[in-house]
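Each value in this text was obtained by applying a stated rule to the coordinates, not by laboratory testing. The structure displayed is predicted, hence computed values, not measured ones. Counting neighbours? That spans all protein chains shown, and the Cβs are built from the backbone with ideal geometry, glycine included.
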Amino acid sequence: MKKNIQMPKLSEQMETGVLAAWNKEAGDVVKKGEVLFEIETEKVVSEVESMESGVLKEVFFEAGDEIKVDDIIAVIDCD
Amino acid sequence: MEKKPEWLKVSYNKEAVEEVSGLMAKLKLNTVCKEANCPNLGECYKKRTATFMILGNICTRHCRFCNVGSGVVEAVDPKEPQHLAEAVKELDLKHVVITSVTRDDLADGGAGHFADTIKAVRKLNPGVTIEVLIPDLQGVEKHLDIVIAAKPDVINHNVETVRELYPEVRPEADYDRSMQVIQYVKTKAPQIKTKTGIMVGLGETEEQIYQVMDDSLKAGCDIFTIGQYLQPSSKHIAVKAYVTPEKFEKYKTIGEAKGFHYIASSPLVRSSYRAEEALEGGKS
């Protein structure tokens, strides 16, 4: 089953965040709890953990992109 | 957005954050974690811990570092003490930290509500240790007495920054009054652990930091915290410097040598971060 991974809202006022880095590439196996990507906001860089286990199928943004909260960042094919 | 140093990295687990956030919403409770946009929210919520913020989420002061909103304050929720006690039970906390907005509009500054909350938590959660992080209550001794009489285990009042930066950072507060709050608590109730803390990276010098340590010790402070100031938004006071982890370690070593029972000093330390460890460390 495919699931969309959305830009998380890391704080109350957050409207956008910068994708600081990908820790996985398309095609990689991902385990639940592993860090998928890093988001830079006003205060810190957050390592965002995957909520699913499966294979990362597609990614729609690159490091350095500013992304709106709830925008689809990637698709994961869940186990 | 300015690139952050590599040591300012935190973890985020959506499920954990939503679980604790959901409980707070259900019980109509505020956390300073959320209101202050705390960088440690993800870690603390994953451990099922949070710092409660009572007396609403609107503050009557306008400190330039703080993300908590100011404006028209709300009426105090009389059910809040009971709800907070229920949340402590639900989260199975062994140590609870309770803070508040500053309520200069209330006759007792909110001291009575603090006391009611401490009592409610104790009643429903015998054995839990309680830390309150209080505003200065304008230094009014009879108001401080109300909080002291409820016998929290720790009374924390943050001086926040060095004396020289008060006009810029805490324009409505007074460095000496904050020190007097700590001194009064220690004099009146020596068994209560006293705690204070500062943010660094606001343009202070090392000597000014050591002066705060000396002043705090003189006032009878047991536990001291030092963390990096992080700018919540471009409208807030700017970060002047990102202090390195090595420098934080130096502050810890010097502070311990000066005589604090416990010092927490690292970039992501906040006054309530791992507060249980600080209390244990401060018991010696």
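Data overview
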| read-out | value |
| --- | --- |
| Global geometry of chain B, whether rounded, prolate or oblate, following the gyration tensor of its Cα atoms and the 1.5 cut on a/c | rounded |
| Sequence-separation-based contact order of chain A, relative, with Cα cut under 8 Å and 6+ spacing, percent | 42 |
| Cα-only Debye scattering, the protein assembly as shown: base-10 log of I(q)/I(0) at q = 0.08, 0.09, 0.12 Å⁻¹ | -0.41, -0.52, -0.90 |
| Length added when fully stretched, residue B:205-residue B:64, from 0.36 nm per residue minus Cα-Cα | 48.8 nm |
| Computed lengthening from residue B:236 to residue B:108, 0.36 nm per intervening residue step minus Cα-Cα distance | 43.2 nm |
| Span-like helix ranges in chain B, DSSP H, alpha carbon extent 24 angstrom or more, Kyte mean at least 0.5 | none |
| 20 Å reach of a label modelled at residue A:16, 7 Å along Cα-to-Cβ, counting backbone N of the stretch B:1-37 | B:1-4 |
| For a label point 7 Å along the Cα-to-beta-carbon line of residue A:65, residues of the stretch A:20-50 with backbone N under 19 Å | A:20-28, A:36-41, A:46-50 |
| Percent of C-alpha pairs per 10 Å bin, the stretch A:2-78, short to long | 21, 57, 21, 1 |
| Per-residue mean of C-beta atoms belonging to partner chains within 10 Å, peptide B:231-242 | 1 |
| Linear extension gain, residue B:48 paired with residue B:19, 0.36 nm per residue minus alpha-carbon span | 9.6 nm |
| Charge-dipole axis of the stretch B:107-146 as Lys and Arg at +1 and Asp and Glu at -1 on Cβ define it, positive-most pick from B:114, B:138, B:128 | B:128 |
| Dipole of the stretch B:14-281 [Lys/Arg +1, Asp/Glu -1 at C-beta], most positive-end residue of B:41, B:63, B:16 | B:16 |
| Cα gyration tensor shape of the stretch B:43-127, rounded if a/c is under 1.5, else prolate or oblate by comparing a/b with b/c | oblate |
| Counted charge near residue B:171, where neighbours are those whose Cβ lies closer than 14 Å (Asp, Glu -1; Lys, Arg +1) | -2 |
| Distance-filtered residues of the stretch B:36-66 - backbone nitrogen under 20 Å, label point 7 angstrom along residue B:280 Cα→Cβ | B:43-51 |
| Of B:4/B:28; B:14/B:250; B:123/B:218; B:28/B:186; A:32/B:34, pairs whose Cα-Cα distance is over 31 Å | B:4/B:28; B:14/B:250; B:123/B:218; B:28/B:186 |
